[in-house]
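Take a look at the structure below.
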């Protein structure tokens with residue numbers, strides 16, 4: 001069964017803190033997506049990873065294929081980073097979509 | 001360049017009714033996928049359309065059906081609505097066989113009373 005697990009489920013931090021959100025998945029993944037969802041529903045795709053590390057601004061995503069684990073890091077966190085962060089795995093045999101999603105990490109950054 | 005657009009944004013129906021949700025993909029995209037997101041949960045994959053055919057399907061009953069038109073836009077139909085169908089329905093578009101970031105619409109919030 002394809003599974004994606006995220007931790008923590010909820011995270012509250014102070015502005016400026018370094019944030020880490022973790023994602024583990026079952027065998028067979030061909031790529032992993034990190035998504036950001038703000039209140040109201042809109043989802044923005046942050047990264048798609050199949051190996052190594054990607055960086056965009058204050059966001060960094062890493063993936064370890066052997067350990068079946070990915071992390072999303074936010075440096076110098078800001079209240080506008082408050083959102084739900086979701087990881088989603090694309091399993092072999094699927095197309096560009098057909099993802100299995102984690103339940104999300106609800107992040108609150110306090111000023 | 002318009003991104004993925006969905007309509008309507010909100011919808012209220014009663015049990016037993018039927019509903020149609022619509023999605024227009026991002027320009028240049030030919031593949032549309034639909035997801036259901038219950039409150040407090042991650043999205044669940046419903047199905048994916050490419051070349052006007054359903055290509056993949058998640059664990060959803062036959063009450064959920066879809067269609068893709070020649071212009072790549074898509075519809076999601078749900079028959080015999082149940083209270084449990086209340087959710088945010090998201091559409092995502094992409095290019096077939098191209099591994100890249102996904103583009104999502106803002107969703108349709110469906111409430112079944």
## Note on the structure
If we keep only residues of the range B:98-113 that are more than 7 Å from chain A (Cβ to nearest Cβ) and in a loop (DSSP other than H, G, I, E, B), then the residue surrounded by the fewest Cβ atoms within 10 Å (Cβ to Cβ) is B:113
## Note on the structure
When the range B:73-97 is checked residue by residue, the ones that are more than 13 Å from the chain's Cα centre (by Cα) and under 26 Å from residue B:2 (Cα atoms) are B:94, B:95, B:96, B:97
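Yes or no, residue by residue, for (1) in a strand (DSSP E or B); (2) touching a residue at least 12 places away in the same chain (Cβ under 8 Å); (3) within 18 Å of residue A:56 (Cα to Cα):
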{"site": "A:11", "(1), (2), (3)": "yes, yes, no"}
{"site": "A:17", "(1), (2), (3)": "no, yes, yes"}
{"site": "A:33", "(1), (2), (3)": "yes, yes, yes"}
{"site": "A:41", "(1), (2), (3)": "no, no, no"}
### Message
If I go through the range B:73-90 residue by residue, how many of them are assigned to a strand (DSSP E or B) and under 16 Å from residue B:52 (Cβ atoms)?
### Response
4
### Query
How many residues are in a strand (DSSP E or B), more than 8 Å from every other protein chain (Cβ to nearest Cβ) and at pLDDT 90 or above when one looks only at the range B:36-58?
6
### Task
Go through the residues of the range B:30-40 one by one and say whether even a single one is loosely packed, with under 14 Cβ neighbours inside 10 Å and within 14 Å of the chain's Cα centre (by Cα).
yes
### Query
Among the residues of the range B:69-85, is any within 11 Å of chain A (Cβ to nearest Cβ), in contact (Cβ under 8 Å) with a residue 12 or more places away in the chain and over 19 Å from residue A:104 (Cα atoms)?
no
### Query
Taking the condition within 18 Å of residue B:42 (Cα to Cα), more than 14 Å from chain B (Cβ to nearest Cβ) and part of a strand (DSSP E or B), does residue A:45 pass?
no
## Note on the structure
Subset of the range A:55-79, residues buried (at least 16 other Cβ atoms within 10 Å of the Cβ) and more than 15 Å from residue A:104 (Cα to Cα), comes to A:59, A:60, A:61, A:62, A:63, A:68, A:74, A:77
#### Entry: Residue check for residue B:12: over 15 Å from the mean Cα position of the chain (by Cα), farther than 26 Å from residue A:54 by Cβ and part of a strand (DSSP E or B)
yes
#### Entry: Qualifying residue in the range A:23-37 (condition: surrounded by fewer than 13 Cβ atoms within 10 Å (Cβ to Cβ) and facing chain B (nearest Cβ under 10 Å))
yes
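The values are calculated or read from the model by the stated rules, or taken from the named source; none is laboratory data. Computed from a prediction, not measured in an experiment: that's the story for all the values here. Positions of Cβ are generated from backbone atoms using ideal geometry, with glycine treated the same way; all protein chains shown enter the neighbour counts.
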